[in-house]
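Presented below is the structure to which this report refers.
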Amino acid sequence: MINLDRELTQASKNKGAVRVKVKLTNAIDEELVKRGLLNPNLLRVYEAEALIDTGAVRTAIPVEVCEHLGLRIRSQEIAKYADGRQETVGLTGPIIIEIEGRETIEAAMVLGDMVLTGKTVLETLDLLVDCKNQRLIPNPENPERPCIESLILNPA
């Protein structure tokens, strides 16, 4: 089950919303280009302003963006909203998500009318939300590149 706080998103539209430029790339296309199997001019990319929603877990994209990128719906997931509603939504194939010069790959939910970025991307890219200045900043502990913390249960 995927949690998505639509009410938080609506509130963010009206006050102190953090929006950033995001570049979305079809990860399958990029791999085919790297292997010489697809003309680089055919690489499907989409740039937009994304709403950063720390109340959402995953990235969400509108159906039009999914179609523009030529993404396949790989599965269906249940999105659970803050008001208790649930909705079945499509989950895409892999997308390369680039923000502030950092990139990661993940699936996105297909819903809504704007690109929305949630916690998983922020954590993977090691970016923090600066609400006061309405922007994202690199984690001061890792300003040059992302660092993902992991729990090692049995260190050697």
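The values are calculated or read from the model by the stated rules, or taken from the named source; none is laboratory data. Everything numeric in this text was worked out from a predicted model, so none of it was measured. Cβ placement follows ideal geometry from the backbone for every residue including glycine, while neighbour counts extend to all protein chains displayed.
Taking residue 77 as the residue in question, decide whether it is of a type in the set (Asp, Glu), at pLDDT 95 or above and within 17 Å of the chain's Cα centre (by Cα).
no
Looking only at segment 58-82, which residues are part of a loop (DSSP other than H, G, I, E, B) and closer than 23 Å to residue 42 by Cβ?
Result: 62, 70, 71, 72.
Residues considered: 31, 49. Of these, the only one that is free of Cβ contacts under 8 Å to residues at least 12 places away in the same chain and of a type in the set (D, E, K, R) is 31.
Which one of these is modelled with pLDDT under 95, surrounded by 11 or more Cβ atoms within 10 Å (Cβ to Cβ), of a type in the set (A, V, I, L, M) and more than 18 Å from residue 24 (Cβ to Cβ): 56, 82?
Selected residue: 82, the only one of 56, 82 that is modelled with pLDDT under 95, surrounded by 11 or more Cβ atoms within 10 Å (Cβ to Cβ), of a type in the set (A, V, I, L, M) and more than 18 Å from residue 24 (Cβ to Cβ).
Whether any residue in segment 83-92 is under 23 Å from residue 43 (Cα atoms), part of a loop (DSSP other than H, G, I, E, B) and touching a strand residue (DSSP E or B) at 6+ places or on another chain (Cβ under 9 Å) is what I want to check. Steps first, answer last, please.
The initial filter retains those residues of segment 83-92 that are under 23 Å from residue 43 (Cα atoms), namely 90-92.
Filter again for part of a loop (DSSP other than H, G, I, E, B), leaving none.
No, there is no match, as no residue in segment 83-92 is under 23 Å from residue 43 (Cα atoms), part of a loop (DSSP other than H, G, I, E, B) and touching a strand residue (DSSP E or B) at 6+ places or on another chain (Cβ under 9 Å).
Of all the numbered requirements in (1) surrounded by 14 or more Cβ atoms within 10 Å (Cβ to Cβ); (2) β-branched (Val, Ile, Thr); (3) modelled with pLDDT of 95 or more, residue 88 misses one, and that requirement is (1). Across segment 3-52, the number of residues qualifying as at pLDDT below 90 and within 18 Å of residue 79 (Cα to Cα) comes to 8. Counting only residues that are touching a strand residue (DSSP E or B) at 6+ places or on another chain (Cβ under 6 Å) and either part of a loop (DSSP other than H, G, I, E, B) or acidic (Asp, Glu) (or both), segment 115-138 holds 3 of them. Criterion applied to 71, 42, 127, 122 was being among the aliphatic types (A, V, I, L, M), without any contact (Cβ under 8 Å) to a residue 24 or more places away in the chain and either more than 16 Å from residue 21 (Cα to Cα) or buried (at least 18 other Cβ atoms within 10 Å of the Cβ) (or both), and the one residue passing it is 42. Could you please let me know if residue 100 is charged (D, E, K, R) and either loosely packed, with under 14 Cβ neighbours inside 10 Å or at pLDDT 95 or above (or both)? Taking the combined requirement at face value, the residue does not satisfy it.
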